[in-house]
Amino acid sequence: MKIEYYSFKRAALTAVLTVSVAALSCLKSFAQEHAEGKEEEEKGAHKITFSLGHAHVHEGIENEEKKWLVMGAWGLNYDYMFNSKWSLGLHNDLILEEFTVEKHLGEEESTILEREHPIATKLVGSYKPLKHISLMAGAGEEIAKGENYFLTTVGAEYGVHIPGGWEFGAELAYDIKWKAYDTWIFGFGISKVIPGKHKHHKG
């Protein structure tokens with residue numbers, strides 16, 4: 001059973017990374033083929049995002065039975081935009097419920113873990129191959145009563161610009177809490193972009 005769990009974790013991580021790399025390659029080629037005219041590059045801009053979504057935990061336990069849990073979650077992110085392609089930020093997710101999961105200590109043992117409104121705070125780097133799509137990866141820690149866990153994360157975001165320096169987006173992230181449990185987070189958010197310096201390049 002434990003071997004199957006770790007096989008699932010490795011397979012899920014491999015699948016996410018493979019899809020991300022494939023998408024990055026395809027989107028980069030597409031962007032190069034359609035890069036015409038002038039390109040405006042923002043430097044030093046700040047982006048603040050508030051989001052509402054759901055956290056999915058497949059190792060959940062309810063009424064002493066294993067169950068896929070779906071729980072409400074809030075997100076609050078800050079990103080510093082080095083330019084129109086690259087950014088680095090602090091992403092924070094709060095799960096709004098108390099829940100129980102099966103904690104995996106190793107391939108031979110597991111135990112029951114109770115979590116109360118855990119907050120995951122992550123340092124995340126983002127690359128935007130196209131105007132509306134960002135690919136993300138990072139690491140951080142999940143903080144909650146009892147015990148904290150190191151985590152790594154990968155994900156993707158789709159954003160649409162709104163007049164006035166606003167942006168509406170959807171994000172999917174996969175957080176791996178090593179030797180604990182994993183979380184899929186899907187949500188919708190609204191962002192405010194505070195412009196930095198602008199530089200124009202002629203095509």
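Readers should treat all values here as calculations from the given coordinates under stated rules, not as data from a laboratory. These figures come from a predicted structure and were not determined experimentally. Cβ: placed from backbone, ideal geometry, glycine included. Neighbour counts: every protein chain shown.
All Cα-Cα distances of segment 37-101, cut into 10 Å bins from zero to the largest, leave 19, 31, 23, 17, 8, 2, 0 percent in each bin in turn. Over all pairs of different C-alpha atoms, segment 138-195 has a mean inverse distance whose reciprocal, the Kirkwood radius, equals 13.2 Å. Between Ile119 and Phe150, the C-beta separation translates, for a Förster distance of 22 Å, into a calculated FRET efficiency of about 0.95. Note on segment 42-161: the alpha carbon radius of gyration divided by the globular reference 2.2 N^0.38 Å gives 1.22. Note on Val70 and Asn92: their simple-model spin labels are 2.8 nm apart, each label 7 Å out from Cα toward Cβ. Put simply, the Cα atoms of segment 124-169 extend 44, 22, 11 Å along their principal axes, the longest span coming first. Ordering 75-85, 57-67 by mean Cβ neighbour count within 10 Å, with the highest value first, yields 75-85, 57-67.
The trypsin sites (Lys or Arg not before Pro) of segment 126-203 that DSSP puts in a loop, and whose beta carbon has at most 16 other beta carbons within 10 Å, are Lys131, Lys145, Lys179, Lys202. Taken over segment 40-185, lysine pairs spaced eight or more positions apart, or on distinct chains, with alpha carbons under 20 Å apart number 24.
Fully extending the segment from Ile162 to Asn63 would add 31.1 nm, taking 0.36 nm per residue of separation and subtracting the current Cα-Cα distance. Spin-label model, Leu172/Lys131: points 7 Å from Cα along the beta carbon direction are separated by 2.3 nm.
The overall shape of segment 97-198 is prolate: from the C-alpha gyration tensor, with semi-axes ordered a ≥ b ≥ c, the ratio a/c is 1.5 or greater and a/b exceeds b/c. Across segment 52-203, Cα pairs under 8 Å and at least six residues apart give a relative contact order of 19 percent.
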